[in-house]
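Undergrad: Got a structure for you, questions after.
What follows is calculated from the coordinates using simple rules that are stated; it is not laboratory data. The structure displayed is predicted, hence computed values, not measured ones. A quick note on method: Cβ atoms are made from the backbone with ideal geometry, for glycine too, and the neighbour counts reach across all protein chains shown.
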Amino acid sequence: MSTFASPLDSSADPVRPGRTAALGSLAAVAAWSAASRASATPIISTSVVNVPVTNGTTLDIDGSGSTDFTLLFNNSQVIRLTGAGSNVSAASSQRDGFSQYFYSKVLQRGSTVDASLTYQTTTTIAESGFSTAPSALGSFVAGIAFTGTDAQRHYGWVSFNFPSNVAPWTGALAVAAGWETTPNTAIVVVPEPTVAAVGVAAVVACLARRWIRTCRPRG
């Protein structure tokens with residue numbers, strides 16, 4: 001079961017302001033591969049890749065052609081992640097400045113998205129100038145649960161990057177998303193392996209194989 005990641009808790013390991021927003025180390029690819037083997041069949045979304053965060057932005061997690069979540073601005077002061085239909089996002093125990101909705105729960109790398117989390121149809125991911133908002137971390141991961149094309153619940157995550165915590169949040173992105181193809185099955189949060197990272201890993205592996213064939217010492 002995952003725990004709330006405080007902005008002051010370095011062990012939470014979200015990417016902080018000033019650190020790179022590019023998510024894609026080779027170690028992350030290896031971690032994702034391990035998570036894939038340990039779980040059922042978690043995959044990286046091909047339809048949520050560096051999607052600009054604007055009022056009305058829609059997220060299609062599983063690439064089905066249907067909207068799973070919408071990003072909505074309120075009074076130009078907050079951004080809320082709202083699920084379509086029965087879709088929901090993991091909520092923290094702290095309400096935003098309007099005391100109307102809870103902030104999205106910030107998930108740590110390696111934590112689990114499953115039925116043990118508290119979910120709400122709408123959670124707040126950004127609040128202009130508020131250090132308590134997830135957006136104040138610079139980059140963070142939100143847990144989600146949505147209804148797939150099989151009419152069953154699937155768990156997943158979305159990673160966000162906010163270069164600024166002040167409206168209009170210029171340059172903010174929904175960087176990547178992952179989801180579990182097996183219904184009602186937990187997924188481990190591993191936000192790093194983007195398409196680019198997987199490509200880099202493939203190139204490195206190819207070069208390594210070539211080196212073994214041509215450069216290793218002959219016995």
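Undergrad: Using a Debye calculation, one point per C-alpha and no hydration shell, please list log10 I(q)/I(0) for region 120-161 at q = 0.14, 0.21, 0.27, 0.35 Å⁻¹ in order.
TA: Scattering profile of region 120-161, log10 relative to I(0): -0.41, -0.72, -0.95, -1.19.
Undergrad: Over the Cα atoms, compute the radius of gyration (one decimal) and Dmax (the largest Cα-Cα distance, rounded to a whole number) for region 59-142, in Å.
TA: 12.6, 35
Undergrad: Report the gain in length on full extension from Gln77 to Asp150: 0.36 nm times residue separation, minus Cα-Cα distance, nm rounded to one decimal.
TA: 22.6 nm
Undergrad: In nm, to one decimal, how far is the Thr67 label point from the Ser116 one, both placed 7 Å along Cα→Cβ?
TA: 3.4 nm
Undergrad: Take Thr112, Thr58 and order them by how many other Cβ atoms sit within 10 Å, fewest up front.
TA: Thr58, Thr112
Undergrad: Something else: Under the rule a/c < 1.5 gives rounded, and otherwise a/b versus b/c splits prolate from oblate, where does region 79-193 land using the Cα gyration tensor?
TA: prolate
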